[in-house]
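Asks: Sending over a structure as structure tokens; questions will come in a sec.
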Amino acid sequence: MIRNRTFAPERIAFALFLTALLCVACNQGLEKASNALIDRTEARWKSNPIPNYRIVVDVKRPDEFRRNDITVRQGHVKKAFVQYWDSRKKIWDNTIFLNESQALAFTVEGLFDTVRLELENSGRPVVRVAVTETPPYLQRIVLGQFWQNNQAVPNSQATVTVQQFETLQPAD
Amino acid sequence: MSDEPKSGQLLQANPVRMKKEKTINRREIFSWLAVAWGAFAAAISLASGATVRFLFPNVLFEPPTTFKAGFPDDYAVGKVDTRWKEKHRCWIVRTDAIIYCLNATCTHLGCTPNWLDTEQKFKCPCHGSGFYMSGINFEGPAPRPLERFKIVQGDDGQLAVDESKKYQQEKGEWNDPESYVRA
């Protein structure tokens, strides 16, 4: 029996799979940020908070790539520094130690506030986030161009990505 | 006895011979496959080459990175001049001793701070980073001072700012003579 394969279900399924793959690749699990989403995620974090952790957060801007390394103990920043990627030497360089007000923005709680402030103040039409489930925090924040006087400001976009999250023991 | 057909005799096809003519042996199949794959690879290579070439335009329509900012006397001593903020995203500051050009990009997440004359500070509207008139950060999440652009005084006496060359305080680059002009 000759089977007409033009509309074979496996072909349709494969086409759908490719389309889904394309969508995932384009969005990388990101969704439009909203206060409701941030509040929900923060409530989940606060329902079972992790008091001791180390978080490594990358910030990528058009002419800058930096890595924030922050250790939180009992909910307070214990140690924090930032390093800048030197694309010529191919090393992390220009280490700057951060005080609490500088480091807070890249703690789990600070990332929630960062997005809230962006939604309120920045005038960026594009603010997208990717949320992890266990533990619940903002794994990736994509900030589109900053707008001022009805014009997009060139080279003002930024991406914030949690590269590493490590739960620490109280005695570590 | 001759094999040639006699006049009036129909020429009959030899089925065995015809079958032999249509058969493609294994060696030929591989040859054709090699040709097909070669053609496919060549087409892909050409398409890839064309795509890569497409990434490098023949002409770049980029705005010039240098602009003339007028004469030093156009700037008041002890003031932050905001006239270039919208067009070139920078402020020109004149002190008693020097004139420098600050990049109006917050070092936290790239927003544009505002100069608050009453409070004598730059304040970022996004996350509240604050910078002194010098560009040094003192509050909020900004991890480092604002950057300076290259500024020189040309032969015509006018200030020329080059936005492609930046100087960072934490690297000691504000001592570079091209990061400021003597007033």
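What follows is calculated from the coordinates using simple rules that are stated; it is not laboratory data. Small disclaimer: the values here were computed from a predicted structure and weren't measured. Positions of Cβ are generated from backbone atoms using ideal geometry, with glycine treated the same way; all protein chains shown enter the neighbour counts.
Asks: Can you list the residues, at least 5 places off or on another chain, whose amide H is less than 5 Å from the amide H of B:I98, using H built in the peptide plane?
Replies: B:A183
Asks: Can you sort B:H88, A:H76 from fewest to most other Cβ atoms within 10 Å of each residue's own Cβ?
Replies: Working: B:H88 19, A:H76 11.
With the sparsest Cβ surroundings first, the list reads A:H76, B:H88.
Asks: Here's something else I'd like to know. Roughly how many whole Å is it from the C-alpha centroid of the range B:56-99 to that of the range A:89-126?
Replies: 28 Å
Asks: Between their Cα atoms, which of B:K68/B:K121; B:K68/B:K166; A:K89/B:K150; B:K85/B:K166 are more than 19 Å away from each other? Don't skip to the end; give the middle numbers.
Replies: On the way: B:K68/B:K121 25 Å; B:K68/B:K166 17 Å; A:K89/B:K150 23 Å; B:K85/B:K166 16 Å.
Exceeds cut-off: B:K68/B:K121; A:K89/B:K150.
Asks: Amide H to amide H, which residues 5 or more places from A:Q139 or on other chains are under 5 Å from it, using H placed in the peptide plane?
Replies: For A:Q139, whose amide H was placed from the backbone, the distant partners under 5 Å are A:A130, A:V131, A:T132.
Asks: May I ask you to evaluate 6.51 cos²θ - 1.76 cosθ + 1.60, the Karplus curve with θ = phi - 60°, for each residue of the range B:69-75 and list the ³J(HN,Hα) values in order in whole Hz, giving x for glycine and proline?
Replies: 10, x, 8, x, 5, 6, 10
Asks: State whether the range A:42-172 is rounded, prolate or oblate according to the following rule on the C-alpha gyration tensor (a ≥ b ≥ c being the square roots of its eigenvalues): a/c under 1.5 gives rounded; otherwise a/b larger than b/c gives prolate, and the remaining case gives oblate. Don't skip to the answer; put the middle values down first.
Replies: Values: a/c = 2.15, a/b = 1.28, b/c = 1.69.
It comes out oblate by the Cα gyration axes.
Asks: Sticking with this one: Apply the Karplus curve 6.51 cos²θ - 1.76 cosθ + 1.60, θ = phi - 60°, to the phi angles in the range A:123-137 and return the couplings in whole Hz, x for Gly and Pro.
Replies: x, 8, x, 10, 9, 10, 9, 10, 10, 9, 9, 10, x, x, 8
Asks: Alpha carbon centre of the range A:24-86 versus the range B:135-183: separation in Å?
Replies: 31 Å
Asks: Calculate one ³J(HN,Hα) per residue across the range B:32-42 by plugging θ = phi - 60° into the Karplus curve 6.51 cos²θ - 1.76 cosθ + 1.60, and present them in order as whole Hz with x for glycine and proline.
Replies: Taking θ as phi minus 60°, the curve returns 5, 4, 4, 4, 5, 5, x, 5, 4, 4, 5 Hz for the range B:32-42.
Asks: Using +1 on the beta carbon of Lys and Arg, -1 on that of Asp and Glu, and nothing else charged, what's the dipole of the protein assembly as shown about the Cα centre, debye to 20? Walk me through the numbers on the way to the answer.
Replies: Values: 46 positive and 40 negative charges, 361 e Å.
Dipole of the protein assembly as shown, to the nearest 20 debye: 1740 debye.
Asks: As an exercise, find the ratio Rg/Rh for chain B from alpha-carbon atoms, using the Kirkwood inverse-distance average for Rh.
Replies: Values: Rg = 37.4 Å, Rh = 22.3 Å.
On the Cα set of chain B, Rg over Rh gives 1.68.
Asks: Taking the Cα atoms only, what angle lies between the long axis of helix A:9-27 and the longest principal axis of chain A, rounded to 10 degrees?
Replies: Approximately 20 degrees, to the nearest 10.
Asks: Could you work out how far helix A:35-47 tilts from the main Cα principal axis of chain A, as a 0 to 90 degree angle to the nearest 10?
Replies: Around 60 degrees separate the two axes.
Asks: Can you quote the Å³ per residue value for the convex hull of the Cα atoms in the protein assembly as shown, rounded to an integer? Write down the numbers at each step before the final one.
Replies: Numbers: hull volume 116.9 nm³, N = 355.
Output value, Cα hull per residue: 329 Å³.
Asks: If we count every other residue with Cβ under 9 angstrom of B:K79's Cβ, Lys/Arg +1 and Asp/Glu -1, where does the sum land? Can you show the working numbers first?
Replies: Numbers: positive: B:R94; negative: B:D81, B:D117.
Net charge in that neighbourhood comes out at -1.
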